[in-house]
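As structure tokens, the structure follows; a few thoughts come after it.
The values are calculated or read from the model by the stated rules, or taken from the named source; none is laboratory data. Keep in mind that this is a model prediction, so the values were computed, not measured. Note: ideal-geometry Cβ built from the backbone for every residue, glycine included; neighbour counts use all protein chains shown.
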Amino acid sequence: MAKELLKATDVSEVFGGLKAVSDFNFHIDKGELVGLIGPNGAGKTTAFNLITGVYQPTTGEIHFDGKSIVGLKPYQITQRGIARTFQNIRLFSELTVLENVKIAFHFHVKYGLLESVFRMGRYFSEEEKIEEEALKLLKIFHLEDKADELAKNLPYGAQRRLEIARALAAKPKLLLLDEPAAGMNPQETKELMEMISWIRKEFGLTILLIEHDMSLVMGICERIYVLEYGMIIAQGTPDVIKNDPEVIRAYLGGEA
Amino acid sequence: MEVTHQVLQQLVNGISLGSIYALIALGYTMIYGIIKLINFAHGDIYMVGAYIGFFAITQAHLSIVPALIISFVVTGILGMVVEKLAYKPLRHAPRISVLITAIGVSFFLEYTSMYFVSPTPRTFPAIFGDVAIEIGGIVINGQQMLILGITTILMIVLTYIVHRTKTGKAMRAASFDTETAQLMGIDSDRIISITFGIGSALAAVAGVLVGVYYNSIDPLMGIMPGLKAFVAAVLGGIGILPGAVVGGLILGIVEAFVSGFVSSTFRDAAAFAILILVLLFKPTGLFGKNTKEKV
């Protein structure tokens, strides 16, 4: 039990009369790569927003690393070690690639105005260290020669990679990827898959992945949860999921 | 020669006045940058700052620099309290609700002050006697030197904070995207509070400096400079810090020239004519970029 990193118990989220997510029970063990799939509007992104504190669950409990994270603000959850990327890219588009990554490095620890004004010496030595680490991260994602370009000027695929780099800079234990391959061509998707596997090993990460691209999910995830209308309808290894009649029905419609 | 001399003299006057607009406009633009709110109460914060400075000098018998510091700190805290009580509960409300609340806060500050300090204008004590320097026939008096000195220092400090500290970095990140900033570990609520604090403190300094410059303060003194600083912020491109400074200076200079060469009656008309022209021809302001709304 101790190796459970994230655990959601009976979580529901109600918007007005709409149940976006109901009776959501799931867990991720340390080091796992878990996929979360489901048709459009099934509540996948809502689940992410619940985990990261953007929404508060109407009922239920979420535990991270053994402690409840319900009621914490998003920045506090980030500081505990959960980072995410977005389905629709949300970079700081007017900042450079390097600055985007550096911001995340800065704030996974506490900071203060007085501290930053008066401890300039420490600030500058820290700044150098951060710059070095940020460049290392950019290198992993093949972005090092674009470090000084504005984030908005990057091609689409590179923006997606930068989002992942930025999330990693917050030094997470758990990384949530919201459709990282959306809009990528098969070649880019393949490279992304390799990159995800690699960073997972390199950083000892646990990853939860939302994805539409079945080949990506089936290819790298060890376990998959399938959501439909806010409820988990199936879970298991890719092989189990592939042959689950409920899943086939949800994706293809009707009887299969 | 006479005309050149006059032009230069008005330029000095304009830059002094413009620096004050710039200080107020900085607060406007910082607050807009971070929560997209036109804080109509900002001019009244400036008025409160002027009164705090006034009482520090007349009641506590402090000299100008300690009075400025006290006004800076107290008004900064006031700004944070206003944000906490009036705007924070409306964080997820439609923008128009917050805007209307800002107008409410503005009236509240104006008429509460009137209750406590009476509507009668007060005479700000003279800080400088007849100190003035003359360079080639152009007179820069003590008040103007004080204004230029203080605003320059504050702008340098502000630039340092925004570009060289973690808090500044957090402010810039939050102004791009408050929600994403939170997911980078930035406490956006705290950053918004600090922004209100700094913006209000700058306005307070402007208030005290105006008291020193014009020798007179009253509870409704914030309305006109508040509107003008808004014009300055829009002229420079709202949300952009250097824009606020340049906008403030241009506005001050234009006003000085209009008063000096046309008639001081048209001074305010000139300021608002600028607003109309900017909105017609370059709504994003001098430094603003065209942003297309993405769907």
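Just a yes or no: is a residue in region B:129-143 more than 9 Å from chain A (Cβ to nearest Cβ), in a helix (DSSP H, G or I) and either in contact (Cβ under 8 Å) with a residue 60 or more places away in the chain or surrounded by fewer than 19 Cβ atoms within 10 Å (Cβ to Cβ) (or both)?
Yes; the residues of region B:129-143 include at least one that is more than 9 Å from chain A (Cβ to nearest Cβ), in a helix (DSSP H, G or I) and either in contact (Cβ under 8 Å) with a residue 60 or more places away in the chain or surrounded by fewer than 19 Cβ atoms within 10 Å (Cβ to Cβ) (or both).
Would you check which residues across region A:182-220 are more than 29 Å from A:Ile130 (Cβ to Cβ) and among the small types (Gly, Ala, Ser) and list them?
Scanning region A:182-220 gives A:Ala182, A:Gly183, A:Ser215, A:Gly219.
Checking the conditions here, which among B:Tyr51, B:Tyr21 is of a type outside the set (Asp, Glu), in a helix (DSSP H, G or I) and under 22 Å from B:Val162 (Cα atoms)? Steps first, answer last, please.
Details: B:Tyr51 fails: under 22 Å from B:Val162 (Cα atoms).
So the residue among B:Tyr51, B:Tyr21 that is of a type outside the set (Asp, Glu), in a helix (DSSP H, G or I) and under 22 Å from B:Val162 (Cα atoms) is B:Tyr21.
Give the residue that is surrounded by the fewest Cβ atoms within 10 Å (Cβ to Cβ), with candidates limited to residues of region A:18-36 that are closer than 14 Å to A:Tyr229 by Cβ and not basic (Lys, Arg). Steps first, answer last, please.
Narrowing region A:18-36 to residues closer than 14 Å to A:Tyr229 by Cβ: A:18-24.
Then drop every residue that is not not basic (Lys, Arg), which leaves A:18, A:20-24.
Values: A:Leu18: 8, A:Ala20: 22, A:Val21: 27, A:Ser22: 18, A:Asp23: 14, A:Phe24: 24.
Taking the candidates together, the pick is A:Leu18.
Output the residues belonging to region B:125-142 that are within 23 Å of the chain's Cα centre (by Cα) and either farther than 27 Å from B:Gly199 by Cα or modelled with pLDDT of 90 or more (or both).
The answer is B:Ile140, B:Asn141.
Looking at B:Lys84, B:Lys88, can you tell me which residue is more than 14 Å from chain A (Cβ to nearest Cβ), among the basic types (Lys, Arg), within 30 Å of A:Asn100 (Cα to Cα) and assigned to a helix (DSSP H, G or I)? Spell out how you get there, then give the answer.
Numbers: B:Lys88 fails: more than 14 Å from chain A (Cβ to nearest Cβ).
So the residue among B:Lys84, B:Lys88 that is more than 14 Å from chain A (Cβ to nearest Cβ), among the basic types (Lys, Arg), within 30 Å of A:Asn100 (Cα to Cα) and assigned to a helix (DSSP H, G or I) is B:Lys84.
Residues that are more than 8 Å from chain B (Cβ to nearest Cβ), crowded, with 18+ Cβ neighbours inside 10 Å and within 13 Å of the chain's Cα centre (by Cα), at least 1 per element: which helices (runs of 4 or more DSSP H) completely within region A:43-108 meet that?
Filter on region A:43-108 gives A:44-51, A:74-80.
So that you can scan it fast, the table gives a plain yes or no per residue for (1) of a type outside the set (Gly, Ala, Ser); (2) over 30 Å from A:Val54 (Cα atoms); (3) in contact with a His (Cβ under 6 Å, 6 or more places away or on another chain):
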site	(1), (2), (3)
B:Ala132	no, yes, no
B:Ile135	yes, yes, no
B:Val139	yes, yes, no
B:Thr152	yes, yes, no
B:Ile156	yes, yes, no
B:His163	yes, no, no
B:Met184	yes, no, no
B:Ser188	no, no, no
B:Gly211	no, yes, no
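Scan B:Val254, B:Val234, B:Val246 and give me the residue that is under 16 Å from the mean Cα position of the chain (by Cα), within 23 Å of B:Ile140 (Cα to Cα), surrounded by 15 or more Cβ atoms within 10 Å (Cβ to Cβ) and not small (Gly, Ala, Ser).
Result: B:Val246 is the single residue among B:Val254, B:Val234, B:Val246 that is under 16 Å from the mean Cα position of the chain (by Cα), within 23 Å of B:Ile140 (Cα to Cα), surrounded by 15 or more Cβ atoms within 10 Å (Cβ to Cβ) and not small (Gly, Ala, Ser).
Restricted to region A:19-42, and to residues that are not in a strand (DSSP E or B) and not charged (D, E, K, R), which residue is nearest to A:Leu208 (Cα to Cα)?
Among those residues, the one meeting the criterion is A:Gly31.
Please go through region B:57-92 and pick out each residue that is closer than 12 Å to B:Ile45 by Cα and in contact with a Gly (Cβ under 6 Å, 6 or more places away or on another chain).
B:Ser71, B:Thr75, B:Gly76, B:Gly79, B:Met80
Anything in region B:170-187 that is among the small types (Gly, Ala, Ser) and at the interface with another protein chain (Cβ under 7 Å from one of its Cβ atoms)? List them, or say none.
B:Ala170, B:Ala173, B:Gly185
Return yes or no: is B:Ala201 within 13 Å of chain A (Cβ to nearest Cβ), surrounded by 24 or more Cβ atoms within 10 Å (Cβ to Cβ) and under 26 Å from B:Val105 (Cα atoms)? Spell out how you get there, then give the answer.
Values: within 13 Å of chain A (Cβ to nearest Cβ): yes; surrounded by 24 or more Cβ atoms within 10 Å (Cβ to Cβ): yes; under 26 Å from B:Val105 (Cα atoms): yes.
Judged against the criteria, B:Ala201 is a match.
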